[in-house]
Amino acid sequence: MWTLIFRGLATGSIYSLTAMGIVLVLSTTNVMNFAQGDMGMFLAFIAFALLMRHVSYPIAIIAVVLIGLLLGALLERGLMSKVRKTTSHLGMLIVTLALTMILEGLAGYFFGTTPLLFPPLVQGAPLQFLGIILDRQDLVSLAIAGVVVLILFIVLYRTKIGIASRSLAEDEYAARLLGIPIKNIYIFIWAASFGLAGLAGIMVAPKLSLEPSFMIVIQLKAFIAAVLGGMNSVVGAVVGGLLLGVLENFVAYYIPQIKDSFSLILVVAVLLVLPEGIFGKRAARRA
Amino acid sequence: MLKIEELHVSYGIIEALHGISIEVETSEIVSILGSNGAGKTTLLKTISGILKPTTGVITVDGVVINSMETSNVVKRGVVHVPEGRHIFPNLTVQDNLILGGYFGSAAQNNENMMFVLNTFPVLRQRLHQKAGMLSGGEQQMLALGRGLMGNPKMLLLDEPSLGLAPIVTSEIFSIVRKLAKEHAFGVLLVEQNARKALEISDRGYVLVNGTIELSGRSEELRENPEVQKLYLGGKNVDSHI
Amino acid sequence: MMLELQNLTVRFGNLVAVNKLNTSVSEGTIHSLIGPNGAGKTTVFNAIYNLVPYTGDILFSGKSLRGVPTYRLSEMRMTRTFQNLSLFYSMTVEYNIALGLHTAIKSSILSDIAGVNVYSRKEVKQRVARVAELVGLSQLLNAYPAFLPYGTQKLVELARALVNDSKLVLLDEPAAGLNAGEKEQFKEILLKVKQGGVTILLVEHDMGVVMDISDKITVMNFGNRIAEGTPQEISENPDVIEAYLGVN
Amino acid sequence: MKKFTPILLLVLALLIPVIFRQKPSLVYYLNLSMIYAISAQGLNLLMGIGGQISLGHAAFMAIGGYTSAVLVMVLHVPFIVALIAGVGLSCLFGLIIGFPALRLKGFYLAIATLAMGTVVTDIIKRIAITGGDYGLRNIPAPRLFGFTFGSSLSQFYLILAGLLLAIVVTRNFIRSKSGIALQAMRDSETGAQAVGINTSNYKLLAFILASAFAGLAGVLYGHSVSYLNTTNFGLDLSINLLAITIIGGMGTVWGVVLGSFLWVFVRNLMGSGLEMLTGVLFGVILLLVVLFLPRGLSEIGFRIAGRFKGKNESS
């Protein structure tokens, strides 16, 4: 029972990381990023290349996150800022779909489509604690996810740039009137979400095999987590991801026949019945 | 201090302002009156750099600001408190205020925060609540307070009385007047509530279809039959244009 | 009565946007709904169109509109225009107006697949031409609305609302953004429309327009009806003067 | 002149396989292109005319293909019956998937259709009769009126007929009352409701029609390629169909055909080892189209045609 919950949380933490990136971008820039997962996939390949060149694990992680931040900033300046001006929401969605085609194509071209084995973050037998079986890999990924969530929260709620990002999500016009340098905030947001994608990619890669499409499933689950969380709050995304991870583990254990479709049916149901998400809140709009 | 000369502004092919000239001095409150669609909000948006004029010059203390980005206009001390308040409803009152002082140093912001909370004591009680939970009047105070956090030399107020009960409007207006006089900044006030606006302002301009139709000292405007007509719609208000 | 509002109340959370509003619109009149920003005027339109939940009742030609979906109203001969234009920008003015006849023309899935263009029928063209002449758009039928001045676009929307022989037309701020000349033209057109037997319910900010053409005016403030009467009565009403000029 | 262009094109189309009969692989790719064009034509109606989005379009091809294949292989029903059943079932699912569209817009609709599409292929995979992970092999060739369309060449004409049907129906529908109502809704939903358009019904209609095309394409795919596997009808294909439609030009009938040919040929004719770059190339083209050519590549065609016309008139 507790083992199930723990495993669920470990998987859920990965959903949360990806969902946070999606929600961060969606709520501030109004772009639903279908490429969040593939951004992580691309960075996981870079991490793989580094590890193969005997770069140590921690350095590879740091390098990938830094590369992610840089790519995110480039993506915003080079593409998204231009797209924002000229196209509709639908257009922006298609732009991110195009991005998935490009990223998967590039990864496939450089690394091939044969699944690769990504070295695990840590090795060793699972730990036992009060009768719960704790996988080391899961423990590490939970810990990393926890630290990242904490850092992101401090940034979003305690720093000017974070508060400004949240204000942009609520009312861009007002943010502009206050003189907030919106350009920089957008760069910050895309950089942060690309960085998050990289971390998620590295967490997932050892669990699945590394191939150009390996993040698609996670991307889908992250969408579901984001929808559960109400699409507009980063807190919701984290909780939604963890909840989905746990629910999935229970369903897979007790009713394995429906484990693949369960979350998909759940998301459609939530969208139709509770469009604000389970934890979502209706924005406290002015009268 | 704020000087606007021959300002023309267009939306695409449609011109909304046809050559407007306005001045506001330090410590002076100037109201802009006019019906919906007359171009009042367009004027404020152009001053704050949201819209770019086709021709014309806007200067603040002699510096041309009409080609600047909004963030630079704000740095020059021109702060626009928009119609409908536009507070950030899901952010706390404190976060709303912090964003008003985005460019200030920490020390300066602390000082401003104290000042704003002393001016609007209601906000102090609600500092950690979500701004969306405030009443209409409190939200307007928050919007004003957020504007004051930016150390304005020139405050642009768009319809501060919108949706507020008369007594609340009076309270807010008297605070604005007091602040402008004591802290020596200019106020450009756009208002539908013409009588109220003329009560607190020193001078006023009447904007009709993108042109200044009348201007003068507030007392004069208040007595002017044209102004009365504009607001209660006598016959042929438009015919003399 | 063409339209009756009985104790109409609309709440958004704690805010009462419209409070127990009672009024009736007589057949063949121009009835205006005025009040400062945020007084609840557009909310009344939205309630009539079943776009917001309300209590009380709304009767159209004696029939309650409760639960009647928005799209049915056109068939019942009630149409409206919008504060922000809602034209079909990928289509010509002619088609924009002709679509007002959507409920009047029948088609089947077979005729759809066979590619029958119902709007090219002679009868449709005639009706469109007639209403285009009424509002002065005859020369512009082949133009695309996006290239027309704002005021003319508003006329296209009006023509679309009129083409299906509507009994009642709800106009939301039709004069906003019009220049002086266009306003004069608009007033004349509305009076002509009224002569044609159409009842008009008007939400409008421009007092010049309202005072000149209304038969009856209802004044709202903070969701409440504060006065009702002829333009003359309204302009002398002290409550109205206070709402607009803020006399203490 | 203009009147004869379609006839000219048709004659050319009819001659193509004869000209290339030495190259059956080329004819095979032509067939595939046409199949994707039929499917994308449905997406064109849905997105280009109806303004709705679907990320589950490929699933309807799977429904059509599997239904027809299973009926022919297991129940031995005539191809024509299986064809109708495949399209019919696809329509039914189109109706079902259309319901969320009544409440959801934009991104949310994209997620819902993505999820539902995935569920559909998932369910198909789980039914034993469909061959599960191994897929369905040796699906018999289409047989109509006693004639078996066994070769790529004969299938070419059958698929061409399907494509022509799709094109004609799309063209007609765009001008019909329903088509115009859908375009009105796309331009302004509030305006459409004000003139009495029952927007819910028309949205459902758009989904049903789109699924009908996809279903038809799926049936033709199954019986001509003779192999079906759910992995070929996943999100990947849905996205590619979307790309085909947008690159070719949403709302234009011929653009979609152009887009399909481009996609199939670029993908299959790029040298070995470079296949993966097709995705990159298509992604880049898609980006450029979204940024610079809102009407897709067909816009370039329009411009050239326009210039040509202008020259003719001036000379």
Problem - Residue that is farthest from residue A:176 (Cα to Cα), among those in segment B:102-133 that are crowded, with 22+ Cβ neighbours inside 10 Å and within 9 Å of chain A (Cβ to nearest Cβ) - result: B:131
Problem - Restricting segment B:139-169 to residues that are in a helix (DSSP H, G or I) and farther than 20 Å from residue B:102 by Cα, the residue that is most open to solvent (accessible area, probe 1.4 Å) - result: B:167
Problem - Tabulated pairs, segment A:177-192, first touching a residue at least 12 places away in the same chain (Cβ under 8 Å), second assigned to a loop (DSSP other than H, G, I, E, B) and open to solvent by 10 Å² or more (accessible area, probe 1.4 Å), C-beta under 7 angstrom, 6+ apart or interchain - result: A:180/B:102
Practice task
Can you give me the number of residues within segment A:33-70 that are surrounded by 21 or more Cβ atoms within 10 Å (Cβ to Cβ), over 20 Å from residue A:122 (Cβ atoms) and of a type in the set (Val, Ile, Thr)?
Solution key: 1
Problem - Those residues of segment B:61-84 which are at pLDDT 90 or above and hydroxyl-bearing (Ser, Thr, Tyr), in sequence order - result: B:70, B:71
Problem - Looking only at segment D:92-113, and only at residues there that are open to solvent by less than 30 Å² (accessible area, probe 1.4 Å) and more than 7 Å from every other protein chain (Cβ to nearest Cβ), the one that is nearest to the chain's Cα centre (by Cα) - result: D:94
Problem - Boolean, residue C:72 is surrounded by 15 or more Cβ atoms within 10 Å (Cβ to Cβ) and at the interface with chain D (Cβ under 9 Å from one of its Cβ atoms) - result: yes
Exercise for the section: Only residues that are among the basic types (Lys, Arg), within 8 Å of chain A (Cβ to nearest Cβ) and in contact with a Lys or Arg (Cβ under 8 Å, 6 or more places away or on another chain): list them for segment B:59-85, please. Expected result: B:85
Problem - Residue that is within 11 Å of chain A (Cβ to nearest Cβ), touching a helix residue (DSSP H, G or I) at 6+ places or on another chain (Cβ under 9 Å) and over 30 Å from residue C:242 (Cα atoms), where the choices are B:91, B:148 - result: B:91
Exercise for the section: List the number of the failed condition for residue C:208; all other conditions in (1) open to solvent by 20 Å² or more (accessible area, probe 1.4 Å); (2) of a type in the set (Gly, Ala, Ser); (3) under 30 Å from residue B:14 (Cβ atoms) hold. Expected result: (1)
Problem - Where residue D:289 falls short, out of the listed (1) closer than 24 Å to residue A:35 by Cα; (2) free of Cβ contacts under 8 Å to residues at least 40 places away in the same chain; (3) β-branched (Val, Ile, Thr) - result: (2)
Exercise for the section: For segment D:183-235, name all the residues that are of a type outside the set (A, V, I, L, M, F, W, C), in contact with a Leu (Cβ under 6 Å, 6 or more places away or on another chain) and surrounded by 24 or more Cβ atoms within 10 Å (Cβ to Cβ). Expected result: D:222
Practice task
Residues that are more than 25 Å from residue D:221 (Cβ to Cβ) and within 14 Å of chain C (Cβ to nearest Cβ): find the helices (runs of 4 or more DSSP H) completely inside segment D:151-197 holding 3 or more of those.
Solution key: D:177-187, D:189-194
Completion exercise
Output for Cβ contacts, cut-off 9 Å, separation at least six or different chains, first residue free of Cβ contacts under 8 Å to residues at least 12 places away in the same chain in segment D:61-76, second assigned to a helix (DSSP H, G or I), reads D:75/D:82
Fill in the blank from the handout: The one condition residue A:113 fails out of (1) facing another protein chain (nearest Cβ under 10 Å); (2) outside any helix (DSSP H, G or I); (3) open to solvent by less than 50 Å² (accessible area, probe 1.4 Å) is (3)
Exercise for the section: For residue C:163, indicate whether it is at pLDDT below 90, more than 28 Å from residue B:209 (Cβ to Cβ) and in contact with a Lys or Arg (Cβ under 7 Å, 6 or more places away or on another chain). Expected result: no
Exercise for the section: Tell me, yes or no, whether segment A:151-167 has at least one residue that is buried (at least 20 other Cβ atoms within 10 Å of the Cβ), within 19 Å of residue A:26 (Cβ to Cβ), in contact (Cβ under 8 Å) with a residue 12 or more places away in the chain and of a type in the set (Phe, Trp, Tyr). Expected result: no
Practice task
Check residue C:221 against each of (1) farther than 30 Å from residue C:237 by Cα; (2) surrounded by fewer than 23 Cβ atoms within 10 Å (Cβ to Cβ) and name the one condition it does not meet.
Solution key: (1)
Exercise for the section: Residue by residue through segment C:37-69, note down the ones that are hydroxyl-bearing (Ser, Thr, Tyr) and either closer than 17 Å to residue C:9 by Cα or crowded, with 19+ Cβ neighbours inside 10 Å (or both). Expected result: C:42, C:43, C:49, C:54, C:55, C:64
Handout entry: Counted residues, segment A:165-190 - those being touching a Leu at 6+ places or on another chain (Cβ under 7 Å), more than 7 Å from every other protein chain (Cβ to nearest Cβ) and of a type in the set (S, T, N, Q)
Key = 1
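The values are calculated or read from the model by the stated rules, or taken from the named source; none is laboratory data. A quick note: this is a predicted structure, and the numbers were derived from the prediction, not measured. For neighbour counting, all protein chains shown are included, and Cβ atoms are generated from backbone atoms with ideal geometry for every residue, glycine included. Calculation scope for accessible area: heavy atoms of the full protein, side chains included, ligands and nucleic acids excluded. Shrake-Rupley method; radii C 1.70, N 1.55, O 1.52, S 1.80 Å.
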